Amino acid sequence: MKRWQRWLIVCVGAVLLLVFEAQPAYAMHIMEGFLPPLWALFWFVAVIPFWVIGVRRLRALISDTPEVRLLLGFAAAFTFVLSALKLPSVTGSSSHPTGTGLGAILFGPWVMSILGSIVLLFQALLIAHGGLTTLGANAFSMAVVGPWVAWLIWRSLNGRAPFWMTVFLAAALADLSTYVVTSLQLALAHPDPVGGIGASFIKFGTIFAVTQLPLAISEGILTVLIMNALQTNAKAELEVLAMKGIRP
Amino acid sequence: MNAQPLSWPVVIILGLIVIALTITPLLVIGGTEFGGADVAAEEAVTAINPDYEPWATPLFEPPGSETESLLFALQAGLGAGVIGYFFGWQHGRRQRRDR
């Protein structure tokens, strides 16, 4: 790499940092204490099977194919970065992408349920973003539903549609479905006194899901770019994973 | 998982689309601070259910937006570091093999 190329990368990085980091800091998972105890418990019960199987799958993956460990860290880091980027959106609010589509495509939804939950735990403990009582609900939407949506799209379209389109749809819809579920979780816990759960769902959906639309598109594109880079840079790992045939 | 890599002009155009998607709301919509969607949701909960009292508070809360942005920057920085390490490692491995 030539000297000017290195400088170019540094400058582009600096500009990106300014663009993304200059936003005021806010959060978008369900806030600590904002689900009544019964609902908080309900979502923990719902997510625990995914954690149990996820840990088993993760252990098996690491012992069968230790060479993918670095790629595993990479997928977690991708979610980590994307969850930290709060982007302005068309509703005048900010929200952040989830980054779970990439890991789900690479390692399947079970493994991703662990990686996504680790990120959520970090944010709940250190940044007061999301919460411990709402961790079950937030993990269910971001680390379970999102990855499963991504994986199902990937599985049904791979080979039938252009590669980039498959990756784009998987990542974008994983992102969007996460916030549709978040809206549903809030609507179930806080039904509108007049319109019931339906009216509440529309209200929360407008806040979360509509804000998320352009972000989901951005996340889809970013995931396409990252997959593109992985295909030239991590061919060996991708082949190992493809041969293993990632199970559900 | 086999597909032709995207050509570099396509990569640049895709990058520009992401930047445009991010900047457009800032230019088009005025009179907002682009607060978090969760704060808006919090207000919606209070509007729907005025008696609702949050029954838990975060164990640790950054004292202000400066510290919060420090933690978020740290989060993004750590993740970006791992991603950079990954690509650097792969690049080095490829070069060793090609030699």
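The values are calculated or read from the model by the stated rules, or taken from the named source; none is laboratory data. Please read these numbers as outputs of a predicted model, since none were measured by experiment. Cβ atoms come from the backbone with ideal geometry, glycine included; neighbour counts cover every protein chain shown.
Points to keep in mind about this one:
- Residue ID - farthest from residue A:94 (Cα to Cα), chosen from residues in region A:206-227 that are within 8 Å of another protein chain (Cβ to nearest Cβ) and among the hydroxyl-bearing types (Ser, Thr, Tyr): A:218
- Verdict on residue A:63 being closer than 28 Å to residue B:71 by Cβ and among the hydroxyl-bearing types (Ser, Thr, Tyr): no
- Residue within region A:53-66 that is touching a His at 6+ places or on another chain (Cβ under 8 Å), outside any loop (DSSP other than H, G, I, E, B) and either modelled with pLDDT under 95 or under 24 Å from residue A:153 (Cβ atoms) (or both) present: no
- Residue check for residue A:161: surrounded by fewer than 24 Cβ atoms within 10 Å (Cβ to Cβ), under 21 Å from residue B:61 (Cβ atoms), over 10 Å from the mean Cα position of the chain (by Cα) and within 12 Å of chain B (Cβ to nearest Cβ): no
- For region A:105-140, filtered to residues that are part of a helix (DSSP H, G or I) and of a type in the set (Val, Ile, Thr), the residue that is surrounded by the fewest Cβ atoms within 10 Å (Cβ to Cβ) is A:118.
- Residues located in region A:174-202, provided they are of a type outside the set (Ser, Thr, Tyr) and closer than 17 Å to residue A:89 by Cβ: A:175, A:176, A:180
- Within region A:189-216, the residues that satisfy the criterion of being surrounded by 18 or more Cβ atoms within 10 Å (Cβ to Cβ) and more than 30 Å from residue B:18 (Cα to Cα) are A:189, A:190, A:192, A:200.
- Flag if residue A:93 is hydroxyl-bearing (Ser, Thr, Tyr), out of contact with any Pro (no Cβ under 9 Å at 6 or more places or on another chain), touching a residue at least 60 places away in the same chain (Cβ under 8 Å) and buried (at least 22 other Cβ atoms within 10 Å of the Cβ): yes
- Identity of the residue in region A:87-110, within 7 Å of another protein chain (Cβ to nearest Cβ) and not small (Gly, Ala, Ser), that ends up nearest to residue A:238 (Cα to Cα): A:87
- No other residue among B:34, B:60 is aromatic (Phe, Trp, Tyr) and either closer than 20 Å to residue A:94 by Cβ or surrounded by 16 or more Cβ atoms within 10 Å (Cβ to Cβ) (or both) apart from B:34.
- Of all residues making up region B:31-63, the number that are part of a helix (DSSP H, G or I), facing chain A (nearest Cβ under 7 Å) and not hydrophobic (A, V, I, L, M, F, W, C): 2
- Number of the exception - residue A:179 against (1) surrounded by fewer than 20 Cβ atoms within 10 Å (Cβ to Cβ); (2) facing another protein chain (nearest Cβ under 9 Å); (3) not β-branched (Val, Ile, Thr): (1)
- All positions within region B:69-90 that are more than 7 Å from chain A (Cβ to nearest Cβ) and of a type outside the set (Ser, Thr, Tyr): B:70, B:74, B:77, B:81, B:84, B:88
- Apart from one condition, residue A:143 fits all of (1) buried (at least 24 other Cβ atoms within 10 Å of the Cβ); (2) within 13 Å of chain B (Cβ to nearest Cβ); the exception is (2).
- Condition met for residue A:200 (more than 26 Å from residue A:115 (Cβ to Cβ) and assigned to a helix (DSSP H, G or I)): yes
- Pairing each residue of region A:37-51 that is among the hydroxyl-bearing types (Ser, Thr, Tyr) with any residue that is surrounded by 17 or more Cβ atoms within 10 Å (Cβ to Cβ) and outside any helix (DSSP H, G or I), provided the two are 6+ apart or on different chains, yields no C-beta distance under 6 Å.
- The selection criterion, being buried (at least 16 other Cβ atoms within 10 Å of the Cβ) and in a helix (DSSP H, G or I), holds for residue B:83.
- Every condition in (1) within 30 Å of residue B:32 (Cβ to Cβ); (2) out of contact with any Lys or Arg (no Cβ under 6 Å at 6 or more places or on another chain); (3) at pLDDT 90 or above holds for residue A:96 except the one numbered (2).
- You will find that of A:83, A:113, the residue that is more than 12 Å from chain B (Cβ to nearest Cβ), under 11 Å from the mean Cα position of the chain (by Cα) and within 23 Å of residue A:153 (Cα to Cα) is A:113 and no other.
- Filtering region A:170-219 to residues that are farther than 18 Å from residue B:36 by Cβ, touching a Pro at 6+ places or on another chain (Cβ under 9 Å) and at pLDDT 95 or above leaves A:171, A:174.
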